[in-house]
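Notes follow once the structure below has been shown.
Please treat every number below as a calculation from the coordinates, not as lab data. Every value quoted in this text rests on a predicted model; they were computed, and no experiment measured them. As a convention, Cβ positions derive from the backbone with ideal geometry for all residues, glycine included, and neighbour counts pool all protein chains shown.
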Amino acid sequence: MEMGEIFVVRTTTGRESQVIEKVAARVKQQGLPVFAILKPREVKGYFFVEAEELDDVNRAVYGIQHAKGVLGTVKLDEIKKFLIPTTESIKIHAGDIVEIVSGPFKGEKAKVKRITKVKEEVVVELLEAAVPIPITVKLDSVRLIKTEEKKEE
């Protein structure tokens, strides 16, 4: 299989996903020869694009808000560790009680309503709120306090 080069794209930290969505839409719309986009969780402010040549990546990211530009190429061996799936499982389930550890609701306790594994998000309802309103937060911004006991019948 023919492989393209892997380019490093710099973004505003925390805006990687937004930039990737816009880049992917442009690639699809314009039919650019981009083969893959990789955003490792451990890498902040950057993502990787596999494409035939630099011009294709530049066309894909040009003018997109929060895209800072293409830095150059990287060898597959240098990013291989990000391609190996980790066996990290999500230990939080619907019904569990969590504490929100970052963001505007930091320190609040909440009950988990559902988990979106693909987006790594969790929908919770604050326990102290007068009116229960579902709030979506990143999975890494909650800490498990108490798991719901499964009732055996």
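See the values below:
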item: Sequence-separation-based contact order of segment 97-146, relative, with Cα cut under 8 Å and 6+ spacing, percent; result: 38 percent
item: Estimated inter-spin distance, V43 and T12, nm [label 7 Å along Cα→Cβ]; result: 2.1 nm
item: The chain, relative contact order in percent, only Cα pairs under 8 angstrom and at least six apart counted; result: 20 percent
item: Global form of segment 5-83, assessed from the alpha-carbon gyration tensor, a/c cut-off 1.5; result: oblate
item: Cα-based helix-to-principal-axis angle, 16-30 vs the chain, degrees rounded to 10; result: 50 degrees
item: Per-residue ³J(HN,Hα) for segment 120-129, Karplus 6.51 cos²θ - 1.76 cosθ + 1.60, θ = phi - 60°, Hz, x for Gly and Pro; result: 6, 10, 9, 9, 10, 10, 5, 6, 7, 5
